[in-house]
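Visitor: For reference, the structure I am asking about is given below.
The values are calculated or read from the model by the stated rules, or taken from the named source; none is laboratory data. The shown structure was predicted, so the numbers you read here are calculated from the model rather than taken from an experiment. Glycine gets a Cβ as well: all are built from the backbone with ideal geometry, and neighbour counts include every protein chain shown. In case anyone asks, the SASA skips ligands and DNA or RNA and just uses the protein heavy atoms, side chains included. Shrake-Rupley method; radii C 1.70, N 1.55, O 1.52, S 1.80 Å.
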Amino acid sequence: MDSFLFLSPWIKALHVISVIAWMAGLFYLPRLYVYHVEEARKNHEMDALFQKMERKLLKIIMNPAMIAAWIFGVLLVLISAAIDWGQIWPWTKLVGILGMTWFHGWCAKHRKAFVAGRGLLSGRRYRMMNEVPTVLMVLIVVSVIVRF
């Protein structure tokens, strides 16, 4: 993999861009769910509009961004000698990444529930879940920057 080291800055840049796009979606989709459950359920046209916005955000932005973040992240791990797996930080970062991936799946599951018209949480509950990616982001950033 040493022959690919010259690509490292590009892979890093693409990884960061992918993560930013993914995080934007992880922050925004649960917020859309709040508005959807509180407002759009009263109006069929708004319900259809929210479903369209949620589907496009998930399918066009979040899914490709998550896949790209994983691909570029794994490539960085493979070509980088800077990760000391004997330290705690790579493991806490990995826990955060797995948590983000779980949350992405949770968001996708709830979008399907909106489509089916069942199993919806309250706006308050979606607001609370909207904090999950923030907590995971803090864990990941502190892990990488502080390297405890």
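Visitor: Search region 118-132 for residues that are of a type in the set (V, I, T) and pair each with any residue that is part of a helix (DSSP H, G or I) and open to solvent by less than 90 Å² (accessible area, probe 1.4 Å) when their beta-carbon atoms are under 6 Å apart and the residues are at least 6 apart or on different chains.
Guide: What qualifies is V132/F103.
Visitor: Then there is this: Can you spot a residue in region 10-25 that is assigned to a helix (DSSP H, G or I), of a type in the set (D, E, K, R), open to solvent by 20 Å² or more (accessible area, probe 1.4 Å) and under 15 Å from G105 (Cα atoms)?
Guide: no
Visitor: Sticking with this one: Restricting attention to region 67-86, which residues are more than 14 Å from V16 (Cβ to Cβ), in contact (Cβ under 8 Å) with a residue 12 or more places away in the chain and open to solvent by less than 70 Å² (accessible area, probe 1.4 Å)?
Guide: I79, S80
Visitor: Could you check region 41-148 for helices (runs of 4 or more DSSP H) lying wholly inside it with 2 or more residues that are in contact with a Cys (Cβ under 8 Å, 6 or more places away or on another chain)?
Guide: Those helices (runs of 4 or more DSSP H) do not exist here; none qualify.
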